[in-house]
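Report on the structure given below.
The values are calculated or read from the model by the stated rules, or taken from the named source; none is laboratory data. Just so it is clear, the structure is predicted and the values come from calculations on it, not from any experiment. FYI the Cβ positions are ideal-geometry reconstructions off the backbone, even for glycines, and counts take in every protein chain you see. Just the protein is used for accessible areas: all its heavy atoms, side chains included, with ligands, DNA and RNA removed. Shrake-Rupley method; radii C 1.70, N 1.55, O 1.52, S 1.80 Å.
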Amino acid sequence: MTSSLALFGGTPVISEADPHFSWPPLTDATAGAVLDQLRDGISIYNRSGVIAELEDALQRYFGVQYAVLTSSGTAALYSMYAACGIGPGDEVIVPAYTFFATVTPLLHLGATPVLADCDANGNLDPHDLPRRITDRTKAIVVTHMWGMPAQIQSLKQLVDTYGLRLLEDASHAHGASVAGKKVGTFGRAAAFSMNGPKPLSAGEGGFVLTDDDEVYHRVLLHGQYNKRCRSGIPADSALHRYAVTGMGLKHRIHPLAAAIALEQLSRLDDYLDGRQRIAEHIAEELGELPGVTMPGHEQGVRSSWYGFTMQYDGDSFDDVPVERFHAALLAEGCVELDRPGSTCPLNLLPLFQEPGPLFPAFTGKLAYGPGDYPRAEQIHHATLKLPVWHQEQDLPIVDRYIEAIRKVTEHHTELKG
Ligand SMILES: Cc1ncc(COP(=O)(O)O)c(C=O)c1O
C-alpha cells in the first residue's frame, strides 16, 4: 500500500523554509532602542535611566507598587523566595508540572518543595492541595503553564483558609488575566522570566513584582547592593544598614536587555490580541477533530498564548503512539510543533529524585519517582504544542499547520504497526 503521508515518502504539506516562527519581533524600533542605550551607558548601578523607565512601566502595566528587574527569571524566583523569608525547614507546595527553575531556588534556600498534581490545563490543581499542607507549609507557588492562568480564585481561597502565602511564577504569562486582573498580581509577590521566547522578552532577564515594602527591600538586598539599596531602602528601616553589601549576590539586568524589554512592553497588548485571534482560529479549525483536545478556555480568562497546547488521545487513533503521530507531523514539515522535553513533571528529573550529590547540605526529604504524579505525567506525555503567531500575515503558515494536522489525523491508520 502506498501512503500519502510524508513519513512514508508522500509530499509534505509544508515546504516553506524554516523557522516558521520567531520571537520576539525585532523591529527597527528595537534596534534603535538598543543603539541609543549603547551610547547612553551599558552599566547602571542605581535605579536610573532605562532601569527606572522599565520598572516604572512594569509597575503601571501591572498596577503594582514595586517592580525589580533581575538578570533572569531564575534570579527573580530566588530573590522572591528569599525575600518572603523561605528557608530551612519550610515546605513550599509547588506544581509537579512546571519548568524546574520554578522550584530549584527553593533547594538553594534549604526549603523542601512539596509537589502537587495538575488540572486538565496542566496547572496546579486546587483539589490536590489540602492533603499536601502540613504545619511546616509556608507558601504555595503557582505557574500559569504556557500562558493559561491557573485556577487562581480557588487557589487564593485555599491559601486564605489555611493562612498561607500565594506566590506566582508568571514566566509564561505576561499580560494574561483573570476577570480583568493581571496574572502576577494575585499573591504576595510574583516572578517573571524575560528570556528569549517569553511573551515579554529582553533576550535574558526577569523581574519581581510586589506591593509589600518589606518584600521589596529584601528583593533589593538579595540581588543588588550599595547605591541601589541605599536609595531604595529607607534610612529608618532596620534593613538599611545592610545596604552597602546586600546579601552579596548580584542579579542586575543588563541595560541593553532592559532597553529591548522596554520597547517590547509598549507593544505587548497588541501582540497578545493578535495571538488571541490566531489561537481562536486554530481552535475553531481543529476543534472538531476527534482525539485532539484543544486548550480549555474559560469565560473571563485571557491567556498570553505562550504556547497552544493540544492533548493527544491515542484511544481515538487506534492506539497510535503520540511519538509516532508527532513524527508524522514533523515529516509533514511541522517543525514548530513541539513535544516539550525539559519542561516536564519534576518527579521525572534526577534532581528531584536524588538531590544529595548536588546539594549535600540539603536536609529535607526529597525522593520523588516516576508514577508519583499520574495526571502531570499523562498531560506531559500527551502534549503537542504550537507557538502562537500574532499577525494577519502569519495566517498562511498557520493554515498549513492546520492542514498538516488534519492530513495526519485522516491517515492515522497508516501509522499503526
Ligand atoms: C515557568 C518558568 N519559570 C522560570 C523560568 C526561568 O527563567 P530564566 O530562564 O529567565 O531564568 C522559566 C524559563 O524558561 C520558565 O519557563
Task: Residue count, the stretch 334-356 (criterion: open to solvent by 10 Å² or more (accessible area, probe 1.4 Å), at pLDDT 95 or above and more than 17 Å from residue 101 (Cα to Cα)) - done: 4
- [ ] For residue 194, work out the one condition from (1) surrounded by fewer than 17 Cβ atoms within 10 Å (Cβ to Cβ); (2) within 16 Å of the ligand (Cβ to nearest atom) it doesn't fulfil.
- [x] (1)
Open item on the list: So for the stretch 310-321 (the condition being in contact with a Phe, Trp or Tyr (Cβ under 9 Å, 6 or more places away or on another chain), at pLDDT below 95 and in the same structural domain as residue 376 (by TED's automatic domain parsing)), does at least one residue qualify?
Closed with: yes
Task: Failed criterion for residue 212 (all others in (1) open to solvent by 10 Å² or more (accessible area, probe 1.4 Å); (2) within 16 Å of the ligand (Cβ to nearest atom); (3) in contact with a helix residue (DSSP H, G or I) (Cβ under 9 Å, 6 or more places away or on another chain) hold) - done: (2)
Open item on the list: I need a count of the residues in the stretch 131-154 that are closer than 19 Å to residue 81 by Cα and surrounded by 23 or more Cβ atoms within 10 Å (Cβ to Cβ).
Closed with: 6
Task: the stretch 378-393: number of residues that are under 14 Å from residue 25 (Cα atoms) and surrounded by 17 or more Cβ atoms within 10 Å (Cβ to Cβ) - done: 4
Open item on the list: Just to check your reading of the model, which residue among 349, 366 is under 26 Å from residue 195 (Cα atoms) and in contact with a helix residue (DSSP H, G or I) (Cβ under 8 Å, 6 or more places away or on another chain)?
Closed with: 349
TODO: Could you look through the stretch 76-96, keep only residues that are within 10 Å of the ligand (Cβ to nearest atom) and under 14 Å from the mean Cα position of the chain (by Cα), and pick out the one that is farthest from residue 198 (Cα to Cα)?
DONE: 95
Open item on the list: Show me the helices (runs of 4 or more DSSP H) found entirely inside the stretch 262-377 where at least 1 residues are touching a Pro at 6+ places or on another chain (Cβ under 8 Å) and closer than 26 Å to residue 25 by Cβ.
Closed with: 268-286
